[in-house]
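> Let me begin by handing over the structure; questions about it come next.
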DNA sequence: TCTTTAGATTAGGCACATCTAATTCAGAAA
DNA sequence: TTTCTGAATTAGATGTGCCTAATCTAAAGA
Ligand SMILES: [Mn+2]
Ligand SMILES: [Mn+2]
Ligand SMILES: [Mn+2]
Ligand SMILES: [Mn+2]
């Protein structure tokens, strides 16, 4: 007597904190540009060996969280995106909460949120969100997805890509370098500050910018490292440029 | 050329969340009575197999966190006690915070704290403590150890051990049965309520108690399951008993 | 004292997430 | 088209924490 049908064991999906971090990083990579992440880029961002990523990506695929053809880039499935957005919501709400309710500095929130995001319950997240008045963005200007996964990305451009004359508001600051955040805070370069690109020093040097508005302005030379961490939303359309 | 001295590799102690839970449970067992916990009692409380405990206790001993002779009870070392008290502080502060700041019910805080206690930083804990005004006990009446490990246990007795006539205040309610907590809250039996033992129903039946003071009192029959979850601090010394 | 037995420990394995080293592959360069 | 090369994958292993099954032991009972 042989079985005449195939027996399949459907693996119950356990979203470990490792899996949560993988999908979150895969998602984050495409948030501000549209190329999908590769195996080794993922390895660098997670701080693990390439081989660990290969192994794990196979498991993520098994669980229906990513699409992946060997030797090509890694993309989230619908389900993977849902999980990633849930984690991004958690992370950003936690960062916001830590600053507003527990007096953390904006350079201190990331690491704490990175661990807490895996430990708090949905109830905790929603209570926080209520208490904060359902904020739309985190302390670094990153948009906070709604509970249903809806997210609206502001129309911002990387400062380092802007031409002289451009004016706008700083709407996002990359949060992965705490030291940079401390530097910026010390210089009073904060979210929503008005900014104008004055020009670029020769031979690929620093970008010259003016921060502030009206009479209260200050000029800075920002090196590539900084200008590639700041996103600017234009206040005037392109036509308004004052080219010298 | 042979080495003429012994080379030892001292294991760097990594306090995993598993280790944290083991020492916490070992500590908790002796908080309200003085017998040390056995292997199988520990297994029940942690929800793991006996063999897992044997294995883990060996590792805890290796790390200097417990004293243990095979086939006998498990005791924390000085270092183990320090770690346990730190975890207890975390757990109880978190419970208090969840109730006071995020509107949790006292039956909902335990499970959330059980996970969060492993994920939050010391900074988080101390910020919470400040914000709460450095509370001395958690929502269930359990004392919160100070950052240095100091803890003062209230002089309370298990309700089920009290004789008729005893009066006092409820100062502690075991928090490991959420359903019981909901029942008590529904009956307005809360921390600091005045209580008087009226007597015991025959044949090992329920304990009859009076809750409240002055004109606002209510009588209850409390079954063993409940009376062994409530601790009472006497308001009148023993001499004041009214035996029938 | 000898036997029983409940509780504790060991043996042998598994799942997860990681590593280093060896191998394979896709696409660029010749 | 063939060769090369860096990226990606597989092979083989480790550490942690858990399991079931087998074995052992201390303390109680006959
Ligand atoms: Mn994380
Ligand atoms: Mn952020
Ligand atoms: Mn715990
Ligand atoms: Mn409690």
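The values are calculated or read from the model by the stated rules, or taken from the named source; none is laboratory data. Just so you know, these numbers come straight off a predicted model, no measurement behind them. When we count neighbours, we look across all protein chains shown, and the Cβ atoms used for this are built from the backbone with ideal geometry, even at glycine.
> Kindly list the number of the only condition in (1) within 14 Å of ligand 2 (Cβ to nearest atom); (2) assigned by TED's automatic domain parsing to the domain that holds residue A:230; (3) touching a helix residue (DSSP H, G or I) at 6+ places or on another chain (Cβ under 7 Å) that fails for residue A:107.
(2)
> Please go through (1) buried (at least 16 other Cβ atoms within 10 Å of the Cβ); (2) out of contact with any helix residue (DSSP H, G or I) (no Cβ under 7 Å at 6 or more places or on another chain) for residue A:60 and return the number of the only condition it doesn't satisfy.
Checking residue A:60 against (1) buried (at least 16 other Cβ atoms within 10 Å of the Cβ); (2) out of contact with any helix residue (DSSP H, G or I) (no Cβ under 7 Å at 6 or more places or on another chain), the one that fails is (2).
> Right, next: Scan region B:20-27 and give yes if some residue there is within 16 Å of ligand 3 (Cβ to nearest atom), within 14 Å of another protein chain (Cβ to nearest Cβ) and closer than 16 Å to residue B:83 by Cβ, otherwise no.
Within region B:20-27, the subset within 16 Å of ligand 3 (Cβ to nearest atom) is B:20-27.
Next, only the ones that are within 14 Å of another protein chain (Cβ to nearest Cβ) stay: B:20-21.
From what's left, closer than 16 Å to residue B:83 by Cβ: B:20-21.
The answer is yes; a qualifying residue exists.
> I'm told residue A:170 meets every condition in (1) away from every other protein chain (no Cβ under 14 Å); (2) at pLDDT 95 or above except one. Can you identify the failing condition by its number?
Residue A:170 satisfies every listed condition except (2).
> Determine which single condition residue B:159 fails, assuming it passes every other condition in (1) within 11 Å of chain A (Cβ to nearest Cβ); (2) touching a strand residue (DSSP E or B) at 6+ places or on another chain (Cβ under 6 Å).
Failed condition: (1).
> Select, from B:195, B:170, the only residue that is within 18 Å of the chain's Cα centre (by Cα) and surrounded by 14 or more Cβ atoms within 10 Å (Cβ to Cβ). Outline the logic, then answer.
Details: B:195 fails: within 18 Å of the chain's Cα centre (by Cα).
Going through B:195, B:170 in turn, just one is within 18 Å of the chain's Cα centre (by Cα) and surrounded by 14 or more Cβ atoms within 10 Å (Cβ to Cβ): B:170.
> Quick check on this structure: which one of A:2, A:11, A:24 is at pLDDT 95 or above and not assigned by TED's automatic domain parsing to the domain that holds residue A:141? Show your work before the answer.
Working: A:2 fails: at pLDDT 95 or above; A:11 fails: at pLDDT 95 or above.
Just one listed residue meets the conditions, A:24.
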